Amino acid sequence: MGRSSSPARSRTGGEVGGEKRIEHSVVREETPPLNVITIAPNPTQAWANVTYSLTKEPTNGLIEVKDATGRTVLTERLAGKQGQIVLDTRSLAKGAYAVQCSSEGVVLKVDRLILQ
């Protein structure tokens with residue numbers, strides 16, 4: 001059998017015994033946008049500012065404050081994909097509450113609010 005006139009290649013590229021070159025590839029993962037709510041001040045005593053940023057325009061969007069039993073104690077409507085709502089918490093008892101953001105009955109995000 002005859003030999004080929006072209007030089008042998010290694011697995012890393014280049015000729016056997018010659019200069020080696022390693023190819024690098026970069027894998028970039030796209031992070032999907034997230035629904036975000038921020039509550040400040042937290043803990044609070046009299047009011048809390050809820051800032052929200054959603055990935056989609058909400059349909060029948062709500063911010064609901066729920067007590068430890070899951071009962072809704074405050075409800076505010078969302079106005080667009082981004083916004084700010086001030087919650088008057090003076091009528092609520094001290095403790096931990098869930099602040100739930102939803103659209104068409106689907107919960108998008110939940111965060112905790114502490115009343116002192």
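The values are calculated or read from the model by the stated rules, or taken from the named source; none is laboratory data. Keep in mind the model is a prediction, meaning the values are calculated, not measured. Here the Cβ positions follow ideal geometry from the backbone for every residue, glycine too, while neighbour counts run over all protein chains shown.
Observations on the model:
- Segment 90-106, residues that are aliphatic (A, V, I, L, M), in a strand (DSSP E or B) and loosely packed, with under 13 Cβ neighbours inside 10 Å: A96, V106
- Consider segment 44-54 and keep the residues that are under 17 Å from the mean Cα position of the chain (by Cα) and assigned to a strand (DSSP E or B). The one that is surrounded by the most Cβ atoms within 10 Å (Cβ to Cβ) is Y52.
- Subset of segment 72-89 [loosely packed, with under 14 Cβ neighbours inside 10 Å and either at pLDDT 95 or above or part of a strand (DSSP E or B) (or both)]: T72, T75, R77, Q82, Q84, V86, D88
- Residue selected from segment 55-72 under the condition β-branched (V, I, T) and over 17 Å from the mean Cα position of the chain (by Cα), by the criterion nearest to I39 (Cα to Cα): V65
- Hey, T69 closer than 17 Å to D111 by Cα and either modelled with pLDDT under 65 or surrounded by fewer than 11 Cβ atoms within 10 Å (Cβ to Cβ) (or both) or not: yes
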